[in-house]
Structure formats: structure tokens, C-alpha cells
Amino acid sequence: MAKLLEQNVPKNNGGCMRRKSPTTWIDMTDLSIWRGHFTGIQRVVYSLAVRFSENSSVSYFMYDQKHQKFYGFDFDNFRTMVESQAHLEADVSASSRAKLIAQELIRRLPSHVRSRITPEVRNRLRGSYLRARAVYVKSRQLIASGRMPPRNEVIFNTEDTVLILGNSWERPKIIDSLWQAKIKSNFKLFQLVYDLIPIYQPQAFNLELFERYCKHIFEVASISDGLMAISESSKRDMQRLCDELHIKNPPIHVIRLGDDIPSTVHVERPVAVRANDRYVLCVGTIEARKNHSLLYYVWKEAHRQGLEMPKLIIVGRVGWYTGDVVHFIQLDPAVRDNIHILENINDRQLAWLYQNCLFTVYPSYYEGWGLPIAESLAFGKLCIASNTSSMPEIAGDLIEYFSPYDSSECLKQVVSFLNSDRLLKKEKEIARSYNPTSWDDTYKQMKKIIG
């Protein structure tokens, strides 16, 4: 159990946690079950949890859906392990690069010298890499074991505040459990609303999610004391749903998410990218709504017209309903050498990709916010983005737009910024006018709302 939770917290004989003073509780269930690098929602939850930990007296919990109970979560220990993992990943990446560099040096040696490199030397190189990899795997196992829920059940008190920051719609029973707990003690409940895309853009998801998400959002609106939307667009959608369902609209506040990416000082070039590559960057999970198929058609059409295009680097894990576009990208001779998909990119590598790209492109046809757009601008890079939903809110005229349904319009925008003078002018405008939002700023907005 976290030291933060153990201080001045007497326990009853039933193993439940009881407190004498009001407590702010933050849900960490998303992070307790997540595997891999933090992306999207996980980045939001972790970034805000860190700020709350550093600036407020808070406690953390996770939800056990099987037993429908809430348990304390040791965030201090979890954060230590996450930071340790980051250091270990840096070591592993260094070992991997050392192996590749050594292989490249051997390849460049004169043939009569290269022929004298013994298998023992090659095996030593391979062994160094495998040992570093073993340390990395062991660290991931330790992190996984550290995410096991403590046995002490959390009981929310009347003057407590409960904050749900993650994707609670993935845990259908949590809202009912919160409601049952709220009946007993009437604590304050605030929830972060990312978007209502499964409801108003159902074609991007399966029918089961549409039904589950409708039920979830209805319950969220019904039991929350306040909601925080990540954009005016999401707020409008939430208000629209409440009106359509004839339910009371809870207070909805709009907060702006942070732009900053951790660990940007020590950046790291991904081994799959060459230092002199000219590329356009697209960041985001590869799923139907993100509209990567449009970019495939843009680069395909450019090839048909004989246009010289930079590489397109897509950073994101492969999600649902994208098998066709991934298949086309990887096998189409016209684009397969010019479009690259990179998965499992860490923050240092992502920072390097932002810093060294020509500009970024974001073709999603509907967003709750569009964090990669804001991140791009925070790095001083132009983003060419879709002109729908929340995306024009991020930076107004600093962004160039296209219809997410018009590949020719997108191609025209991309080609126009291959002109270095026009791109440089835009970058100067961004540097002069764009004010990044830190996660500290986001924390302060949220803290003011929940009190």
C-alpha cells in the first residue's frame, strides 16, 4: 500500500480503508492494466496523476471489475517503476544501436579485413544485445507485478471527491459501483469526457461499442456532479446528448490538455529512420477514424502524377478496422518504400521525430481534441489537419486545413509546404504566436474545477 495512503489512515477489522479527513481519489485503473508505452488517454491519466501527486494531497485507487470493488493503488511505487523502465529502455536502445553501428562498421571494412572478423566477435556483439534485452524484459515483469491491486478496499466518505480520468467505458460495471457507493455516502464525482464519437460517428466502431457507450455516457451524465470536456466540440456533443435523452445536463467545464512530451531533452533517433531522411510525420493509433487511408491515397496519387514526395512516417500501434490500409501500404510497390509505420515508439524517439520532420499531418475525420496537433505546434512544427470537430479549436489560423474526405485537397496542401520558404514563414509564425499548454496548466484548470 502506498505510503501516501498509509499515513494517518486507520483500518477496520474488515480490511477497509477509513479516513478522518476529506480525500480526493483519482482512478488509476487504466494504468494498472495497460501494457506498452503510454499513448493518448494513458498519457493524459499519467501526466495529471504526476501533477496531483506533486502539488496536492491525494490518494489513488483502481477498480476490480470481477469483485466490483475499489482498492488502493500505490502510485508512488508505480511512478518509480515507470521511470526506471524509461532508463532501462534507454539502455536497451543504446545496446541495439551499438549492435547496428558495429555491424555497419564491419560492413565498411575492406573485404580482406572483414573476412578476419571471427564468429566469436560477432557472438559477443549479439550476446551484449541479448543481455540488455533480458534486463528490459525482467523490468517489464517487475512493473507488471507492481500493478497488482492491494488488498485494502477503499470506502469513499461523504466529503470525498472522486475523479475519473480514463476510459471507464471499458469497464461496464464501474459506473454502477460508483452509483451504489454514492448512494451510501454522497461523495462528489467528476469525470473527464474525451468525446462522444462512438455515438455520433458509429461507423468507425462496432455496434456493440455503440450500445455500450450510449449506456455509459447516459449513466455518467446521470450520476456526476460535474464533467470536464477536453474541447468545446465534446462539450457541445455532451449537451446535445443530454437534450436528446431529456436528462439533466450536469455542469460541463472545458479544460485544455497539455502539449508537452516528457523526456524531450535527451532525444533518440529511431533505428528505422535515417538521420538525413526528409519526412512528414503523422502521429496517432492506426484505426478507421484516424483516416490513414486518405494519406495512402495522397501518396499514391502523388506517385501517379510523378511528384517527388518526402517519406511519410506514421507513428502508432495498429488498431481495429485498418487491415486493408496497412496491407496496401506495406505491399503497394508505388508507396511501400515511401510510407513507414512505426510502432512502440517511446517519448524520446517521438520527440526526435517531431523535431526533425518537415511538418506533420493529421487526417482524422472526428476528434475529441487532437493531441498530436498541439504537440506538433509545441515543437514549432506546422500541422496540416482536418477541418472538422475540435481540431480548429487548437490553434485557429496557425494550422492549415483540408477536408478529411478530399485526398486531392490534402495533396495540394502537402505539396504547397514542400516549398521551404513558405514552410519557414509558417514556422516563424508558430514560434511567434503559439503558446503551448503544459500539463501543469491542465492540472491547475482541473484543480480549480474540483476544488
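Residues are listed down the side, and each one gets a yes or a no for (1) of a type in the set (D, E, K, R); (2) closer than 21 Å to Leu192 by Cα; (3) surrounded by 22 or more Cβ atoms within 10 Å (Cβ to Cβ):
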| residue | (1), (2), (3) |
| --- | --- |
| Ser386 | no, no, yes |
| Pro404 | no, no, yes |
| Val415 | no, no, no |
| Ser438 | no, yes, no |
| Lys448 | yes, yes, no |
- With the condition kept exactly as written, say whether any residue in the stretch 146-159 is over 30 Å from Thr322 (Cβ atoms), under 27 Å from the mean Cα position of the chain (by Cα), surrounded by fewer than 13 Cβ atoms within 10 Å (Cβ to Cβ) and modelled with pLDDT under 90. yes
- Query: When the residues of the stretch 183-200 are filtered to those that are buried (at least 19 other Cβ atoms within 10 Å of the Cβ) and not hydrophobic (A, V, I, L, M, F, W, C), which remaining residue is nearest to Pro22 (Cα to Cα)?
  - Reply: Lys188
- Qualifying residue in the stretch 187-196 (condition: at pLDDT 95 or above, of a type outside the set (S, T, N, Q) and in a helix (DSSP H, G or I)): no
- Can you give me the number of residues within the stretch 240-281 that are of a type outside the set (Val, Ile, Thr), within 15 Å of Gln191 (Cα to Cα) and not in a loop (DSSP other than H, G, I, E, B)? 1
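Yes/no per residue for (1) touching a Cys at 6+ places or on another chain (Cβ under 9 Å); (2) farther than 22 Å from Tyr365 by Cβ:
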residue	(1), (2)
Leu207	no, no
Ile223	no, yes
Leu241	yes, no
Arg269	no, yes
- Message: Looking only at the stretch 336-370, filter to residues that are small (Gly, Ala, Ser) and touching a strand residue (DSSP E or B) at 6+ places or on another chain (Cβ under 7 Å); which one of those is nearest to Ile255 (Cα to Cα)?
- Response: Gly370
- Could you name every one of the helices (runs of 4 or more DSSP H) located completely within the stretch 287-380 that has at least 2 residues being buried (at least 22 other Cβ atoms within 10 Å of the Cβ) and touching a residue at least 60 places away in the same chain (Cβ under 8 Å)? 292-305, 347-356, 371-378
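The values are calculated or read from the model by the stated rules, or taken from the named source; none is laboratory data. Here the structure is a predicted model, which means the values were calculated and not measured. For neighbour counting, all protein chains shown are included, and Cβ atoms are generated from backbone atoms with ideal geometry for every residue, glycine included.
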